[in-house]
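Okay, structure first, notes after.
Derivation of every value follows stated rules applied to the coordinates shown; laboratory data play no part. Here the structure is a predicted model, which means the values were calculated and not measured. Neighbour counts run over all protein chains shown; Cβ positions are idealised from the backbone, glycine included.
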Amino acid sequence: MKFTTSILASALAYFAVSVNAAPAGRSALDVWNPTITSPTAETVWIVGSTVNVTWSTANEPADVSNGGQVVLAVDGLARFTAQDLSPVFDLAAADGFYTVTVPDDIAPGNDYQVVLFGDSGNISPSFTIVATS
Ligand SMILES: *[C@@H]1O[C@H](CO)[C@@H](O)[C@H](O)[C@H]1NC(C)=O
């Protein structure tokens, strides 16, 4: 029940602040859209391997309201072809990385991108996926 307790604590904190005239438009939970730090344009993933998708936590607000999800996208013509690499997870608890497995059925290519969904979505530079040798 940790989750419920934390939401309740946040709600209580918000109402306490509201009573003390909080600036208009502030919400109790901040939406956060972190910047991907890996993969980069130099990244090469091997099909079937375990890799980390990482992002900056430098500007992480105290109360992150949104979940996260890592999705693999193909750039170019098939840009909107996408495949989930992770389930929806707790972005605040993930601490700047999520470990994923490069799908076995992915075709090698140099136009892959990772999308990290937070509030909207951050997209990585295009990077390469190669077959196992
Ligand atoms: C992912 O990052 C975590 C934390 O730095 C580390 O412990 C783990 O070994 C990394 N896994 C991979 C596959 O790089």
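The order of Val51, Val31, going from fewest to most other C-beta atoms within 10 Å of their C-beta, is Val31, Val51. Placing a label point 7 Å from the Cα of Gln83 along the Cα-to-Cβ line, the residues of region 94-119 whose backbone N sits under 20 Å from it are 98-117.
With neighbours defined as other Cβ atoms within 10 Å of a residue's Cβ, the residues Thr37, Thr50 order from fewest to most as Thr50, Thr37.
For region 39-57, the residues whose backbone nitrogen is under 18 Å from a point 7 Å from the Cα of Asp105, taken along Cα to Cβ, are 47-49.
Counted over region 29-130 with a bin width of 5 Å, the fraction of Cα pairs per bin, in whole percents, is 3, 14, 26, 26, 16, 10, 5, 1, 0. The charge dipole of region 29-130, taken about the Cα centre with unit charges on the Cβ atoms of Lys, Arg (+1) and Asp, Glu (-1), comes to about 220 debye, rounded to the nearest 20.
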